[in-house]
Structure formats: structure tokens, C-alpha cells
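These notes are about the structure you will find just below.
Any read-out appearing in this document is the output of simple, stated calculations on the displayed coordinates, not a laboratory observation. Please read these numbers as outputs of a predicted model, since none were measured by experiment. No Cβ is skipped: glycine too gets one built from the backbone with ideal geometry, and neighbour counts run over all protein chains shown.
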Amino acid sequence: MNDSDISDLARMLPVPDARDFQAGRQQALKEHLMTEFRIAEDYRAGLSPVRRARLRPQIMGAAAAAAVAVAVGVALPASHPSASHPARGPAAKLAAWTVTRQADGNIQVTFRELRDAAGLQRVLRADGVPASVTFPRPENPACQNLPMRHPHWRPGLTHAQAQRGSPVYFGPGPYALIIRPAALPPGVGVTLFYPTAAQIRTFHHYHQHPGSPLSPSVGLVKASPQCTGS
Amino acid sequence: MNMEQSLRARVRHGDPDAFGTLFDEHSRAVCNLAFRLTGNWTSAEEVTSLTFLEAWRLRAEVELTGESLRPWLMGIAVNVCRNTSRAARRYRAAMARLPQAPVVPDFADELAERIDDTAQLAKVRLALRELRPGERDVVALCVWSGLDYAAAAQALGISIGTVRSRLSRARSRLRKSIGEPGAASEQVEGSRENAARQVQGRIR
């Protein structure tokens, strides 16, 4: 090996010493990847969205269910978990989704399963958000979609920058959705549904991973009694 | 079957835990390589995620026998750096789910150090513009990431001779642009120490 080329180049192109990730960051990036691999596997398995949503509780073991139940209890004390499971053993404590009102007035929905759409719709409406929630089924045909700015992610852009100004956006975790009631114009509501293949190809909604059992699409709609209840 | 062979088999088979092991072992090196090429740590973390998503997609190309998979990952990383927007488009949904980096208070010393690093990398990136993309790739792998010629050749899918000639061309091109007359013996003392440290640093 000719080290004189290497050492000359190292001298002409001096770079800083290798740096470490911030505390906890490497683990966060790893967990993101592991989730993406699992989504890719689910997607490849080719199950229908409804079937996948039904299978999900069986795929998650009792241990995982217990862990999630503890995490919900500790991390989100002032939240509304979905109450679709009556209290029956460890799996019964697993909420399909959790709604939390944040200090800044924003509402965070965290999904673990696309289940109990009616319950989520009720909670959101009670929180003052005109909402239509139909997952794991397609959108309510009575809803009239409104255009929305799509958060085009590009390198170097932080998540916050990509989503700035949007009344709804995904994040900060893989399966969290933020609704900003203050940014919703009057007469505008939120729709949460499972997209059809044609809708996935359009950019009128925000899609997480299309076809994933944990990824609803979210869009803006004209508020109406038939669609959002008011 | 040794550990590395069994890991290769599991990676090829698409075992997520095997990718977890790869991430534990190599993500820091991948991120530092990307940091040197992009000059921005946030972008480098994004490149790191894209590199492992690409690795997952390309896992069938992993051969069952061989040494560390680091050269393979580094090869993917330089390709992602070369065309980040294409990789970002492919994984748009996944990247939208990337957890945001936590905002942590910077200590004054650390902040100053980071500003120095960024300024230094800005200069290096300016110099890199003198090089062709293929030359830049071998510099990143051989000079900054400590891959030997054979590993770099394997990572980039080129011959060892091509790695050698690209490095040699990169050196002449940079010398010409800096206006250096040539031989290593003309280095000033400080620079030589720096070079020695760089070479030392890449031996792992």
C-alpha cells in the first residue's frame, strides 16, 4: 500500500477528529431503523390493511403489550387512551391510540393500532377539533378535501422546519400525529383515514408509510355535519 | 462458521437484529464519514439513516463469505452522499418519521470546538471541489475512513489499480491547486505531525 499518497492527502485535507453521537441519539436512530424494517416486512407480506390491523395485537406479544401499558401510564398521565379493550389481563391495558393535549395547546395522537376510529373521532371532537376518523377504512365520501401544503422533506431540513405552519403533521416519533387547533382556519377540519391506491399517488394528504398497519393518512376537509359532525 | 460469516448470512436473510448489530458497530464511522463529506452533523445523521435503509434494500448483494461489512456500508454511504436527494426521495416516508435531534444546551468549550470543526470542514470541502467524484470517494474511504486499497475497491466496485490511480491523481490535483511544489520532505514540522496523526487515526 502506497502510504505517501495517503499521508499527503491527509495533510492537504485535514479533518476534525471523529465525533460521537449526542447521548441517546444513536439509540433513537437505531430504533427508527428497526421500526422501518418491520414496516417494510409487513408491507412485503402483502396483507390487506384491515387484515393487518386485526393481526397487529397478535403480532405484539404479551410482554410488549405490558411494556407499552407501563410506558403509557408513566409518560402520559394526563392523556385519553382509547378504551376499546375492557380490562382483561395484560393485553387489555394496551390502548390503540393516545390523545394528549400539550402545554402549547397542540394535540398529539400516538398510534399503536389503527383501531377504534369512532372513539378517536369522539375525543378529538370533544377537544374542539372538527374531525372525521375512518381508519382502517377509506375516507368518508361526504368529506370535501381541501388542498394542503405538503411537507417536502429534503436533506438538512429539520422536522420542525419541514412542518412549520401546517395545522397537522406527523411526528415527533414514528407514529405520532400533531394537530394544531390554533393553525386550523375557521370551517376547516381534520380527516384521518386509510388511503386508497389512487390517494397514495396524490399529494393532497400526508401519508406515512402507505400500506402500513400503523399509518393513517391525514388531510384537511371542509367542516360539515356529514363529515366532521359540525 | 465464524461470527462475521454468520452475521453476513443473517444480514443477507433480512434479519432486523443483524442490522441492529451492524448499526451498533458501524453507525459512528458512517456518520463521521458523512460529516466530513457534508460538513453538517444533522445532514450526516440523515445520511447515516439513508445508508442503513439502502443497506436493507441491497442486502441480497452481501456475499456469505468475507470480512467486516464496514467497507460495504461505507461504499453505500459515499453513494448516498453523492446523491442524497435521490435517496431521500426513495425513503421520503421513512425520513419523515426520523426522530428529531433533541436540542441540548451547548457548553461554551464544546460549541467553540464545533464551530472550529465546521470551519475546518468548510475549507476541506472547498479543496474537494478540485477533485472528480470518483477521486473524492476514494479519498473519503482510504484517507478519512482508514479502508485499505482492497477494501475501498470492494466498497466502490472498482479495481485496486483504479483506487491507487485515483488517489494519485487526487494528490496531484490538490498539489497543483494549492501550488505546492511536491515532495513530502518540504512539509513544515507542524504539518508533518498532523499528517502522522491522520495516518495514525485511520488505523483501527
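Residues of A:20-27, mean number of Cβ from any other protein chain within 10 Å of their own Cβ, rounded to a whole number?
Per residue, the number of nearby Cβ atoms from other chains is 5 on average.
Would you order B:H13, B:H26 from fewest to most other beta-carbon atoms within 10 Å of each residue's own beta-carbon?
On the way: B:H13 11, B:H26 22.
So the residues, fewest neighbours to most, are B:H13, B:H26.
What net charge do the residues around A:I179 carry, taking every other residue with its C-beta under 14 Å from that of A:I179, with Lys and Arg at +1 and Asp and Glu at -1?
+1
Using a 10 Å cut-off around each Cβ, can you sort B:K176, A:K222 from fewest to most neighbouring Cβ atoms? The partial results should precede the final answer.
Details: B:K176 10, A:K222 14.
So the residues, fewest neighbours to most, are B:K176, A:K222.
Within a 10 angstrom radius of the beta carbon, how do B:T118, B:T84, A:T191 rank from fewest other beta carbons to most?
So the residues, fewest neighbours to most, are B:T118, B:T84, A:T191.
Would you kindly derive the ³J(HN,Hα) couplings of the range B:129-145 from the backbone phi angles with the Karplus curve 6.51 cos²θ - 1.76 cosθ + 1.60 (θ = phi - 60°), listing them in order in whole Hz, with x for Gly and Pro?
Whole-Hz 3J(HN,Hα) from phi for the range B:129-145: 4, 5, 9, 6, x, x, 5, 4, 4, 5, 4, 4, 7, 7, 8, 9, 10.
Calculate, for B:L126 and B:H13, the FRET efficiency according to 1/(1 + (r/R0)^6) with r their C-beta to C-beta distance and R0 60 Å; round to the nearest 0.05.
0.85
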